[in-house]
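Some notes on the structure that comes next.
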Amino acid sequence: MAQVVAISSGKGGTGKTTLCAGVACALAELGQRVLCIDADIGLRNLDIALGMAELPILSFTDVYHGVYPLSHAAKHPAFPNLSLLTAPIRENPEHISLSAFGHMLWKVRQEYDWCLIDAPAGLGMGFQLATKFADQVLVVSTPDPASLRDVSRVVDLLALQHITELRLAVNRVDGRMFSRMHLTVDDMMDDVGLPLIGIVPEDPNVILAAAENTALLSKTKKGAALACRNIASRLAGKRTPLMKLHR
Ligand SMILES: Nc1ncnc2c1ncn2[C@@H]1O[C@H](COP(=O)(O)OP(=O)(O)OP(=O)(O)O)[C@@H](O)[C@H]1O
Ligand SMILES: [Mg+2]
């Protein structure tokens, strides 16, 4: 039975897509069967973060309308256990059916170990798609106070949806800036009231990998890629210490 995990944030551009791709590849490396779903209708880009931009990829609406079976989801060229359903680009978000999406997820749960859903910025239809059926939500923030404050709004909304398994991932952390802000991991957890699933350093390999149309985890074993592997291993229930940041 797949665990459905939504990757969400308050503010846009915090690194949801980057972390969704990195953690999905890391889970697949652990031998898990993983399906990624891009819920960013109209602005999809999870295929780029996964290094699958050149491949033909079905959208989740192709599958939930029954045009293609789930087994036709695009397979990752380097991580055979990992598949992707992209978001439709031309569909009006108002016309997306939450119940059809939920029905599709019921099938996904039978065939995979993990389903990671990349939510868009904001709290519209894509946010609902990603979170409505999720077993847990990873909320991604950067360390800046505005981004951390927005997490609290998301947490309040998710509480209304009765989602209680919420964890915080802090992305784009620069060790030197972190110490100059006198910010600790405990402060961040206190600010947003969520347990931490991982901290991910600022890493130029994120952009370089996307530019080379390759997955971050195929490019490097250090930095943000290592942080994604650590998050995957924590999701899978292994105790994994927080990585050290260079100051
Ligand atoms: N750890 C990192 N180090 C360096 N660059 C990063 C890191 N994480 C993300 N980025 C860059 O930041 C930008 C935004 O990242 P990403 O697209 O993953 O965010 P997002 O939360 O999915 O954005 P949106 O809200 O628009 O969907 C991208 O250009 C990405 O390459
Ligand atoms: Mg995104």
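Numerical summary
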read-out	value
Of all residues making up the range 6-21, the number that are more than 8 Å from ligand 1 (Cβ to nearest atom) and more than 8 Å from the chain's Cα centre (by Cα)	1
Pair list, Cβ < 6 Å and 6+ apart or interchain, from the range 151-179 residues that are among the hydroxyl-bearing types (Ser, Thr, Tyr) to residues that are surrounded by fewer than 13 Cβ atoms within 10 Å (Cβ to Cβ)	SER179/ARG247
Subset of the range 106-124 [in contact with a Ser or Thr (Cβ under 6 Å, 6 or more places away or on another chain) and not in a strand (DSSP E or B)]	ALA119
Any hit, the range 177-198, residues being within 16 Å of ligand 2 (Cβ to nearest atom), of a type in the set (A, V, I, L, M, F, W, C) and under 17 Å from the mean Cα position of the chain (by Cα)	no
Members of the range 114-134 that are over 16 Å from ALA24 (Cα atoms) and more than 12 Å from ligand 2 (Cβ to nearest atom)	LEU123, GLY124, MET125, GLN128, LEU129, THR131, LYS132, PHE133
Residues satisfying the stated conditions in the range 168-190, i.e. under 17 Å from LEU138 (Cβ atoms) and either more than 13 Å from ligand 1 (Cβ to nearest atom) or in a helix (DSSP H, G or I) (or both)	LEU168, VAL185, MET188, MET189
The range 1-33 - residue that is over 22 Å from LYS222 (Cα atoms) and polar (S, T, N, Q) and, of those, surrounded by the fewest Cβ atoms within 10 Å (Cβ to Cβ)	GLN3
Qualifying residue in the range 18-25 (condition: β-branched (Val, Ile, Thr), within 16 Å of ligand 2 (Cβ to nearest atom) and modelled with pLDDT of 95 or more)	yes
Pairs where the first residue, in the range 111-134, is closer than 17 Å to LEU157 by Cα and the second is more than 14 Å from ligand 2 (Cβ to nearest atom) and assigned to a loop (DSSP other than H, G, I, E, B), C-beta under 6 Å, 6+ apart	MET125/ILE96
Number of positions in the range 34-79 that are within 15 Å of ligand 2 (Cβ to nearest atom), surrounded by fewer than 14 Cβ atoms within 10 Å (Cβ to Cβ) and of a type outside the set (A, V, I, L, M, F, W, C)	1
Test: residue in the range 97-117 that is over 13 Å from the mean Cα position of the chain (by Cα) and within 16 Å of ligand 1 (Cβ to nearest atom)	no
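The values are calculated or read from the model by the stated rules, or taken from the named source; none is laboratory data. All values reported here derive from a predicted model rather than from experimental measurement. All Cβ positions, even for glycine, are placed from backbone atoms using ideal geometry, and neighbour counts span all protein chains on display.
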